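Single-structure report; data block below.
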Amino acid sequence: MIYLKTLLNVIDNSGAQVVECIKVLRHNPKSCAHIGDQITCVVKQARPTTTEGAAASNRVKRRDICRAVVVRQRAPFKRPDGSVIRFDDNACVLINKNGEPLGTRISSVVAKELKDLNYSKIVSLAPKTF
């Protein structure tokens, strides 16, 4: 479960490395985010910017506020088939207002629940779904 002030790793190549959750974008009043939920976050740590290539325009910098989708969580959660799954860290992928990822690559595994939640672009960029 991702609460406010939780730090998450960013697993795409958008330029951010660590973000902090500042708002959970849900319609119901729950205050925590789970896998597949959108959050608003602020970039706490970013890679140094370079002025080369076309990807430089999509880069995010430190203190930028952006949206993200939670793709992994440390807290155990139960799948509909009865299995319980738990990841090693909290991770997210930065997205734009339309729900498309900012980066062009995803570096590690994502949860397979994202396919059911219509994040097929993120699932197709990921090397493996778990």
(message) Please verify whether Gly82 is at positive phi, in contact with a helix residue (DSSP H, G or I) (Cβ under 8 Å, 6 or more places away or on another chain) and not polar (S, T, N, Q), treating the condition exactly as stated.
(response) no
(request) Filter segment 96-110 down to the residues that are closer than 22 Å to Val24 by Cβ and out of contact with any strand residue (DSSP E or B) (no Cβ under 6 Å at 6 or more places or on another chain), then identify the one that is surrounded by the fewest Cβ atoms within 10 Å (Cβ to Cβ). (result) Asn98
(message) So, Cys41, is that one under 14 Å from Met1 (Cα atoms) and within 12 Å of the chain's Cα centre (by Cα) or not?
(response) no
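Each row is one residue, and each column tells you yes or no for (1) touching a residue at least 12 places away in the same chain (Cβ under 8 Å); (2) among the aromatic types (Phe, Trp, Tyr); (3) touching a helix residue (DSSP H, G or I) at 6+ places or on another chain (Cβ under 7 Å); (4) within 20 Å of Leu125 (Cβ to Cβ).
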position: Asp37; (1), (2), (3), (4): yes, no, no, yes
position: Pro48; (1), (2), (3), (4): no, no, no, no
position: Arg74; (1), (2), (3), (4): yes, no, no, no
position: Ala111; (1), (2), (3), (4): yes, no, no, yes
(request) Among the residues of segment 4-27, count how many are loosely packed, with under 15 Cβ neighbours inside 10 Å, outside any strand (DSSP E or B) and among the hydrophobic types (A, V, I, L, M, F, W, C). (result) 1
(message) Taking the criterion of being surrounded by fewer than 16 Cβ atoms within 10 Å (Cβ to Cβ) and in a helix (DSSP H, G or I), would at least one residue in segment 88-95 satisfy it?
(response) no
(request) Give me the pairs, please: first residue somewhere in segment 1-21 and over 16 Å from Arg47 (Cα atoms) and modelled with pLDDT of 95 or more, second residue anywhere and among the small types (Gly, Ala, Ser) and part of a strand (DSSP E or B), beta-carbon distance under 8 Å, and either six or more positions apart or on two chains. (result) Cys21/Ala33
(message) Being outside any helix (DSSP H, G or I), touching a helix residue (DSSP H, G or I) at 6+ places or on another chain (Cβ under 9 Å) and of a type outside the set (Ser, Thr, Tyr) is the filter here; which residues of segment 113-130 pass it?
(response) Ala126
(message) I'd like the full set of residues that are more than 16 Å from Leu102 (Cα to Cα), part of a loop (DSSP other than H, G, I, E, B) and modelled with pLDDT of 95 or more, limited to segment 38-78.
(response) Arg63, Gln73, Arg74, Ala75, Pro76
(message) Out of Ser120, Ser107, I need the residue that is out of contact with any Phe, Trp or Tyr (no Cβ under 6 Å at 6 or more places or on another chain), more than 20 Å from Val42 (Cα to Cα) and touching a residue at least 60 places away in the same chain (Cβ under 8 Å). Which one?
(response) Ser107
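The values are calculated or read from the model by the stated rules, or taken from the named source; none is laboratory data. None of these values were measured; they are calculated from a predicted model. Positions of Cβ are generated from backbone atoms using ideal geometry, with glycine treated the same way; all protein chains shown enter the neighbour counts.
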